[in-house]
1. What is the dipole size for the stretch 146-290, taken about its Cα centre, with +1 at each Lys and Arg Cβ and -1 at each Asp and Glu Cβ, in debye to the nearest 20?
2. Accessible area per residue, 1.4 Å probe, Å², for the chain: what's the number?
3. Amide H of residue 234 versus every other amide H placed in the peptide plane: which residues, excluding those fewer than 5 positions away on the same chain, fall under 5 Å?
4. Using the Karplus curve 6.51 cos²θ - 1.76 cosθ + 1.60 with θ = phi - 60°, work out ³J(HN,Hα) for each residue of the stretch 234-247 in order, rounded to whole Hz, and write x for Gly and Pro.
5. Using alpha carbon centroids, what distance separates the stretch 202-217 and the stretch 251-290, in Å?
6. Measuring from the lowest to the highest alpha carbon on each principal axis, how far does the stretch 159-245 reach, largest first, in angstroms?
7. For q values of 0.14, 0.23 Å⁻¹, compute log₁₀ I(q)/I(0) with the Debye formula on a Cα-only model of the stretch 125-203, without solvent.
8. At a Förster distance of 25 Å, what's the computed FRET efficiency of residue 11 paired with residue 53, Cβ-Cβ distance as r, to 0.05?
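The values are calculated or read from the model by the stated rules, or taken from the named source; none is laboratory data. Bear in mind the structure is a predicted one, so any value in this text is a computation, not a measurement. In this analysis, Cβ positions are derived from the backbone assuming ideal geometry, glycine residues included, and neighbour counts consider all displayed protein chains. Surface accessibility is based on the protein's heavy atoms, side chains included, excluding ligands, DNA and RNA. Shrake-Rupley method; radii C 1.70, N 1.55, O 1.52, S 1.80 Å.
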Amino acid sequence: MRKLPPLRALQVFEAAARQQHFSKAADELCITQSAVSHQVRVLEEYFGEQLFDRQGRKLQLTPKGHGLFLELERIFNELSDLNLKVRDTPNQQLCLAVYSSFSVKWLIPRLTDFRRQYPSVKIRLEMITQDPDLSTSTADIFIAGKLNQRGYWQQLLHKERLIPVCSPNFYLKWRDISLGNFQQQALLVVDEGPLGLDWHKWSSAHQIPLDNEQQHVFSHIVMAIEAAIAGQGLALAPDFMVAGDITTGRLVALNLPDVHTGFEFTFFCKQRRLSEPAIAAFSSWLKSQA
């Protein structure tokens, strides 16, 4: 007869170790935080080993806890795969965590083609504003900016590039906008996240001092793009976000230098799940679009 540790405690410990947070594990498992703490204590008493270092609110795995977590993650992944094989029900519904701007301006306009090619695969979009924890409790697949995640396969989709744009009427009013006169125009500056002020980044990259006092600051790129469309000045916009507006004539791409932000939109999925039909189909389709 096999001698097994308490299985419920193993499940709770794996969730807590993966989330690095007792309350997040509790939410995932639909139990209370105190229940998570209790089950972890049960496991620690069973093994006679401390599995977590608790320093205030900070939670870290001990070496023993880390080793146990790696093995449990592998075992639970294999059990999940076995469940699908025995039931003969391959997962055809995928949750994709993706940046809202990338989904609205790049992904969603293309999804009609994917649904035409793979009508049985259902994609649910989960909008994110920052890189999420790469975890199956968050989503099945991801489009994010992280790199080199253990156990994850990745595929580069797009390197973000900012291009100067303005409305056609604004452009015609000045007839020509160049490095010699662009500082006479209002600059629509975005102060969003760790990149700082986008026009200042552009200025530094091209060693062009900014002496323009007509700067209108926005907290989000979408607002700056709409201000540019309304004829309020020059904006720096991600090329994928304004490609449609340029094609339809709502914006004009200016003959000014562009700048790469260093952000790379990358597709991620668990390495072990890459062969699943639905994920393989979506990955192959994404490659054709990138």
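1. I would put it at about 740 debye.
2. On the way: 15950 Å² over 290 residues.
Here the residues of the chain average 55 Å² of exposed surface.
3. Hits under the 5 Å cutoff: 186, 187, 188.
4. Karplus values, whole Hz, x for Gly and Pro: 9, 10, 9, 10, x, 4, 5, 7, 10, 4, x, 5, 5, 4.
5. Result: 30 Å between the Cα centres.
6. Here the Cα extents, ordered largest to smallest, are 34, 30, 22 Å.
7. Log10 I(q)/I(0), no solvent term: -0.70, -1.17.
8. Computed FRET efficiency for residue 11 and residue 53: 0.70.
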